[in-house]
1. Tally time: how many residues in the stretch 41-67 are part of a loop (DSSP other than H, G, I, E, B) and under 14 Å from the mean Cα position of the chain (by Cα)?
2. Determine, yes or no, whether THR179 is at pLDDT 95 or above and open to solvent by 30 Å² or more (accessible area, probe 1.4 Å).
3. I'd like the residue in the stretch 77-115 that is modelled with pLDDT of 95 or more and charged (D, E, K, R) and, out of all such residues, is surrounded by the fewest Cβ atoms within 10 Å (Cβ to Cβ).
4. Is there a residue being of a type in the set (S, T, N, Q), out of contact with any Gly (no Cβ under 8 Å at 6 or more places or on another chain) and surrounded by 15 or more Cβ atoms within 10 Å (Cβ to Cβ) anywhere in the stretch 142-164?
5. Could you tell me which of the residues ARG14, ARG48, ARG26 is farther than 22 Å from SER166 by Cα and modelled with pLDDT of 95 or more?
6. For the subset of the stretch 116-135 comprising residues that are among the charged types (D, E, K, R) and either within 18 Å of ALA39 (Cα to Cα) or surrounded by 19 or more Cβ atoms within 10 Å (Cβ to Cβ) (or both), which member is nearest to the chain's Cα centre (by Cα)?
7. Take MET71 and decide whether it is open to solvent by 10 Å² or more (accessible area, probe 1.4 Å), closer than 25 Å to SER144 by Cα and in contact with a strand residue (DSSP E or B) (Cβ under 6 Å, 6 or more places away or on another chain).
Amino acid sequence: MSVAEDGVELVHVRTLKMGDDVTAVRHSHSKDPSKLVVAVATLDATVRVFFHHSLSFFLQLYGHKLPVLCMDISDDNSLIATGSADKTVKIWGLDFGDCHRSILAHSDSVMALRFVPQTHYFFTCSKDKTVKYFDGDRFEQILSLEGHTSEVNTLAVAHDGSFVASAGHDRTLRLWKRTDEPVFLEE
C-alpha cells in the first residue's frame, strides 16, 4: 500500500502475467464500467485487450510486422490506433478488433500516438524527426510538422486540442498551436 502526501491511497489489486515483454499499455475512457478495457502491446507485435474489471481476455489485434511501440483509445471507445516499429499506424474497431486501415505513417518507427480528445483525429511522432496529424475516420494524413532535428520520442495533446507538445533527442520541447488557417489536402 502507498499513501501520498494528499492522502490518496493506492492498493495493488490484480496482476496479469504476459507471455512477452510489454511495450505499451492504454486504458479506455468509457463511462460504463462494463465497457472499460486495458490494451497491452507486447514484443511479439500484437495487442491484447482485456476487460478492466476481471482482466479476462477480450480481443487480440495482430497484423504489425514489428513491435507496437505506442497506442491510444479514442474517447468514445470505438477506435484503438496502434503505432509500430514497422513505420505503420493501424486503426482498429474496439468492438470486434477488425483492422479498419493500415497507414504507412512515417519513414521510421512510430514512437508515440495520441487522439485529440472527443475526436477521431490523432497525432503521431517518429524517429524520422516529424510529428504528423491524421484523420482516423477518413484514414488521411492532414499535416506533417517538421522542425525537430533528431528523432521525436513523445508527444502530448491538450485536453481541448488547442495545442500539441512534442519532444525528442534534439533536447527540445516544441509547442504546436492550432490556427484558424484552412488546410487543403492534396488529391
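The values are calculated or read from the model by the stated rules, or taken from the named source; none is laboratory data. The structure displayed is predicted, hence computed values, not measured ones. Virtual Cβ from ideal backbone geometry, glycine too; neighbours counted across all protein chains shown. Accessible surface is based on the protein model in full, side chains and every heavy atom, while ligands, DNA and RNA are left aside. Shrake-Rupley method; radii C 1.70, N 1.55, O 1.52, S 1.80 Å.
1. Matching residues across the stretch 41-67 total 1.
2. In short, no.
3. ASP98
4. To start, the set of residues in the stretch 142-164 that are of a type in the set (S, T, N, Q) comprises 144, 149-150, 153-154, 162.
Of the ones still in play, those that are also out of contact with any Gly (no Cβ under 8 Å at 6 or more places or on another chain) are 144, 149, 162.
Imposing the further condition that a residue be surrounded by 15 or more Cβ atoms within 10 Å (Cβ to Cβ) reduces the set to none.
There is no residue in the stretch 142-164 that is of a type in the set (S, T, N, Q), out of contact with any Gly (no Cβ under 8 Å at 6 or more places or on another chain) and surrounded by 15 or more Cβ atoms within 10 Å (Cβ to Cβ).
5. Values: ARG14 fails: modelled with pLDDT of 95 or more; ARG26 fails: farther than 22 Å from SER166 by Cα.
So the residue among ARG14, ARG48, ARG26 that is farther than 22 Å from SER166 by Cα and modelled with pLDDT of 95 or more is ARG48.
6. Selected residue: LYS132.
7. In short, no.
Conditions (1) assigned to a loop (DSSP other than H, G, I, E, B); (2) hydrophobic (A, V, I, L, M, F, W, C); (3) touching a residue at least 24 places away in the same chain (Cβ under 8 Å); (4) more than 25 Å from VAL157 (Cα to Cα), marked per residue:
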site: LEU69; (1), (2), (3), (4): no, yes, yes, no
site: THR82; (1), (2), (3), (4): no, no, yes, no
site: VAL89; (1), (2), (3), (4): no, yes, yes, no
site: ARG101; (1), (2), (3), (4): no, no, yes, no
site: SER107; (1), (2), (3), (4): yes, no, no, no
site: THR119; (1), (2), (3), (4): yes, no, yes, no
site: PHE122; (1), (2), (3), (4): no, yes, yes, no
site: CYS125; (1), (2), (3), (4): no, yes, yes, no
